[in-house]
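J.: Here it is, the structure in full.
The values are calculated or read from the model by the stated rules, or taken from the named source; none is laboratory data. Every value quoted in this text rests on a predicted model; they were computed, and no experiment measured them. Every residue, glycine among them, receives a Cβ derived from its backbone with ideal geometry; neighbour counts consider all protein chains shown. These accessible areas exclude ligands, DNA and RNA; they are computed on the full protein's heavy atoms, side chains included. Shrake-Rupley method; radii C 1.70, N 1.55, O 1.52, S 1.80 Å.
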Amino acid sequence: MSRVVRVLNVAEKPSVAKSVSNILSRNQGLRMREGRSRYNKIYEFNYSINGHPCQMLFTSVTGHLMELEFEDRYRKWHSCDPALLFQAPVRKFVPEDKLDIKRTLEEEARMCQWLVLWLDCDREGENIAFEVIDVCTSVNRHLTIKRARFSALIDRDIHHAVQNLDNANKYFADAVDARQEIDLRIGASFTRFQTMLLRDAFVIDSATDDRNLVLSYGPCQFPTLGFIVERYWEIQSHEPEEFWTINCSHRSDEGIATFSWMRGHFFDYACAVIIYEMCVEEPTASVTKVRQQEKLKYPPYPLNTIELEKRASRYFRMSSEHTMKVAEDLYQAGFISYPRTETDGFSPRTDLHAIVQEQQGHPGWGSYAQRLLDPASGLWRNPSNGGHDDKAHPPIHPTKFSSGESGWSQDHNRLYELVVRHFLACVSQPAVGAETTVEIDIAGEMFSASGRVILAKNYLDVYRFESWGGLLLPTYAVGQQFIPTTLTLDSGVTRPPPLLSEADLLSCMDKEGIGTDATMHDHIKKLLDRFYATKDPNTRFSPTNLGEALVMGYDDMGYKLWKPYLRAVMERDMKAVSEGNKSKAEVLETCLQQMKACFLDARLNKVKLFEAMAVFFERSNRPGGDEQHASGEFIRQCCLCQEADMVLRKNRDGNFMVGCLGYPQCRNAIWLPGSVSEAAVTTNVCNSCSPGPVYMIQFTFRRLEIPPNYSTNHLGCIGGCDEILRQLTEICGTGSRSAASGRGPATSSNVQRSNTRQGACIYCHQSGHSSGDCPSQSSGPRSVRPRTMNAQSGQISVSCSTCGAPCALRTANTTQNRGRKFYSCPSQECNFFVWEDNVSNGHAGRGFQRANVSGRSGARGRGGQGAGRATGGTFVSATGDPNSGRRCFVCGDPSHFANVCPNRGN
DNA sequence: GCAAGGTC
């Protein structure tokens, strides 16, 4: 008889310690006692491992026990150059809130001979296993260490795991160590760098207190932001293109059928008109094909975390972060299974019927559950498998019946209902429909219509979140002829894709491997918390100015730090480490070396970040931060605070300004043109500006940055009398803002992309000279971006970014934007367009973004040709009188439509 | 004051 072995078992979370204890003890003689941490109980029972009688102690941690941090002397933001964070020593330690768990482990480990690790069987779990080993072996070096590998919390797996104990896998743990270190070093260095660089240099109005604003960078949060910005840019740069299509409808006793043109649409108006006129001439339709098909609509795969978040967002507009909070509540209370799972297929050993049985009494879906269990209904179907398996948790499913609890919020009820209905749907037959497609021929042109009848709803009966729309189509027979009720030539414009919804964003992250199922919602929330993005009531995300500026800045540097590539490379390296093909040290060295080089380069190119920020934000004259101002030469007394002096200053970027020494009480500042290369205060006093004296400044401008008709030397005054200075400020912008509005190397901002024609002069559209030297602009060039003027008088007027002509304020009359006001250039060539609310919000206009004008029909037909009139149908010709309330798409004139616009094609 | 990953 061998001696009883005392075994310390450690799980990743309390629930697993409890489940495994229950399984192994078979609920016989299971005792529970408190540990030092209130969440992590200790279970005790007897068990026999490979014939050794064991006294089992089973406790848990709560995820990682340790954190990685820089050594103390590098932890303060100003303690070191952020570039040093790529080599600064780091240490792993148990944070304050985990110390009680650590103490429990130490106390129990001292009394044990074996340590069995029941952490989740993934890389993070393996890493946590080594954290536990670290803590336990430091108090008991004689421990025998074993790893239990299990894929589901079911009897067979657990008993198998404990009888086949394995060794912990250092490669897996190393991969996580590498990830942690890389994330920390990159995150901390870039975050400190860009925060300290930009926060004090600009007036960032998004935060209430921008002194505490952190402009964080992270290898997951930035690509997530990148998805949002990229889609936003895609929308911004979309050039709507007008197209033409022919629609046909036919009303009969059975109802109406709508036929669409099988050619789709034409972008060429003339071609469309020719074909349309042909159809109008001979409008008799002949049915050429009638096809009937049975179609199945399958229920969804079993539910995993990402799908739960996506569906809760789609169906209830719950944020992913809130969804996970509510799901955690339901899980803690025992109503649903573990909510953080990648698995979307049930193990064949799961007793699915038992789960359905529990739900039979529910007033909402109980009767469906009953039908499902009745073999006669034929409704049951073994669930399909989505192909993902985290080997640790089953798909999310109900674990306890409830018809609503008193403490539940509406969202608790909704989420529980979603989990239950989703589960019931998974074990149901697909919906069955009959689809009919009818094709007709009018004057040689083919049109088709389709309809669908649902024959059996099956899972759709319980899964009320999904529908399967379909119209009933009247009956047609091949060879049948009829005269269309309507035959119209309709125009439409191509539309940009919509902004990313939360579900879209989760899909992007999932696809590119950004974050894990347990952290994706955190990254999304972080973007909102950092003021990088906003979410509208339809759960669609837009970047804020801040978010867009940061992405633009890095993009202009040529670094794809905002793309998912970096994470993908890291993920590949992690995999190589976990497979033993690369060492942790090797991956750390190459990755950190590259990232450091990238960091140093980004710092050298910080002007790109400044430029991008300057597109959206005013420069701040706040002291501190990266832009220390030396006290400058006296110009005049400040006429705002009337107390302090205004002095000439130059910042580190070489930009000049005249600022009040009374800062921060007085924020009076006059920024000088970005084209100033030198500025010196003279003894000359301006004759016209008061109160005086106002000392004049001798300016030298950079030749290439000012129009040819301006001199490079200028004795100027900042008091307001100097017209040349005013013009150059307008043309060049101030500080680095000027570069972003057209000077110097082009930034790839969307503003630029949409308002300039690459490689050609923006005024005459010829190449060979820059816009600043255009011979057609005798009065000097204009700013590229649309300018708002007279803002102080309360009146805004917008001039066209291309031709400079004043724009008319118009009102949109489309489904999506009815009543919204916009400015557009009267000239057809410019295509300049901007929403009024974007102008007042400070957004620049874009090249062209017309409102939706699709579905507009023309006017009355050309007399009694064909049988249209005889049957009372409305035939619409490509020419004729306008309908009331509509405007020409091309010029906005309500007296005619685009198809007859006199300005068309000029 | 910084990341991302566990989890309560």
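J.: Sticking with the crude label model, points 7 Å out along Cα→Cβ, report the distance from residue A:406 to residue A:709 in nm, one decimal please.
T.: The answer from the label model is 8.3 nm.
J.: Pulled fully out, how much extra length does the chain show between residue A:284 and residue A:581, if you take 0.36 nm times their separation in residues and subtract their Cα-Cα distance? The partial results should precede the final answer.
T.: Values: separation 297, 0.36 × 297 = 106.92 nm, distance 7.13 nm.
Going from the current span to full extension adds 99.8 nm.
J.: Could you pull out every residue, at least 5 positions away or on a different chain, whose amide H is within less than 5 Å of the one on residue A:259? Hs are placed 1.01 Å off N in the peptide plane, and Pro or chain starts have none.
T.: Long-range HN contacts for residue A:259: A:248, A:249, A:250.
J.: What is the Cα centroid distance between the stretch A:371-433 and the stretch A:107-132, reported in whole angstrom?
T.: Cα centroid of the stretch A:371-433 versus Cα centroid of the stretch A:107-132: 34 Å apart.
J.: Please list the radius of gyration and Dmax for the stretch A:305-429, considering alpha-carbon atoms only, with Å as the unit.
T.: 14.0, 42
J.: Turning to a different aspect of this structure: How much of the accessible area of the stretch A:305-429, in percent, comes from carbon and sulfur atoms when a 1.4 Å probe is used? Could you put the intermediate results ahead of the total?
T.: Numbers: 2340 of 5150 Å².
The computed percentage sits at 45.
J.: Please compute the volume of the convex hull spanned by the alpha-carbon atoms of the stretch A:5-168 and report it per residue in Å³.
T.: Working: hull volume 19.4 nm³, N = 164.
About 119 Å³ per residue, rounded to a whole number.
J.: Ok, one more. In whole Hz and in residue order, list the ³J(HN,Hα) couplings for the stretch A:242-252 that follow from phi through the Karplus curve 6.51 cos²θ - 1.76 cosθ + 1.60, θ = phi - 60°; x for Gly and Pro.
T.: My calculation for the stretch A:242-252 gives 7, 9, 10, 9, 10, 10, 9, 9, 9, 9, 9 Hz in order.
J.: Hey, another quick one. Taking the Cα centre of each part, how many Å lie between the stretch A:452-500 and the stretch A:1-33?
T.: 59
J.: Amide H neighbours of residue A:295 under 5 Å, at least 5 residues apart or on other chains, H built in the peptide plane: list them.
T.: Sorted by chain and number, the residues that satisfy this are A:433, A:434, A:435.
J.: Further question on the same structure: For residue A:92, go through the lysines and keep the ones whose alpha-carbon is under 17 Å away, minus same-chain ones fewer than eight residues off.
T.: Within reach: A:102, A:170, A:584.
J.: How large is ³J(HN,Hα), in whole Hz, for each residue of the stretch A:440-456 in order, when computed from phi with the Karplus curve 6.51 cos²θ - 1.76 cosθ + 1.60 and θ = phi - 60°, using x for Gly and Pro?
T.: Each residue of the stretch A:440-456 in turn: 10, 10, 10, 6, x, 8, 9, 10, 9, 9, 9, x, 9, 10, 7, 8, 9 Hz.
J.: Pull up all non-local amide H partners of residue A:9: gap of 5 or more, or a different chain, and H-to-H distance under 5 Å with H placed in the peptide plane.
T.: The answer is A:57, A:58, A:59, A:116.
J.: Also, I was wondering about something else. Please compute the per residue accessible area over the stretch A:246-310 with all protein chains in place, 1.4 Å probe, rounded to a whole number of Å².
T.: Values: 3390 Å² over 65 residues.
That works out to 52 Å² for each residue.
J.: Run the accessible area of the stretch A:5-168 with a 1.4 Å probe and give the carbon-and-sulfur part as a rounded percent.
T.: On the way: 3540 of 7550 Å².
So the carbon and sulfur contribution to the accessible surface is 47 percent.
J.: Could you give the nm distance between label points at residue A:39 and residue A:637, where each point is 7 Å from its Cα heading toward the beta carbon?
T.: Here the answer is 6.4 nm between the modelled labels.
J.: Okay, moving on. Short version: ³J(HN,Hα) in whole Hz for each residue of the stretch A:363-372, in order, from phi by Karplus 6.51 cos²θ - 1.76 cosθ + 1.60 (θ = phi - 60°), x for Gly and Pro, what are they?
T.: Karplus-based 3J(HN,Hα) across the stretch A:363-372 equals x, x, 10, x, 5, 5, 4, 4, 4, 4 Hz.
J.: At 0.36 nm per residue, minus the direct Cα-Cα distance, what do residue A:72 and residue A:160 gain on full extension? Give it in nm, one decimal, please. Could the numbers behind the result be given before it?
T.: On the way: separation 88, 0.36 × 88 = 31.68 nm, distance 4.55 nm.
Contour length minus Cα-Cα distance gives 27.1 nm.
J.: Right, next: Beyond a 27 Å Cα-Cα separation, which of these cross-linked pairs lie in this structure: A:13/A:526; A:575/A:608; A:535/A:575; A:391/A:582?
T.: Values: A:13/A:526 25 Å; A:575/A:608 35 Å; A:535/A:575 34 Å; A:391/A:582 25 Å.
Beyond 27 Å: A:575/A:608; A:535/A:575.
J.: In the stretch A:171-238, carbon and sulfur make up what percent of the accessible area (probe 1.4 Å)?
T.: Details: 920 of 1940 Å².
Roughly 47 percent, rounded to a whole number.
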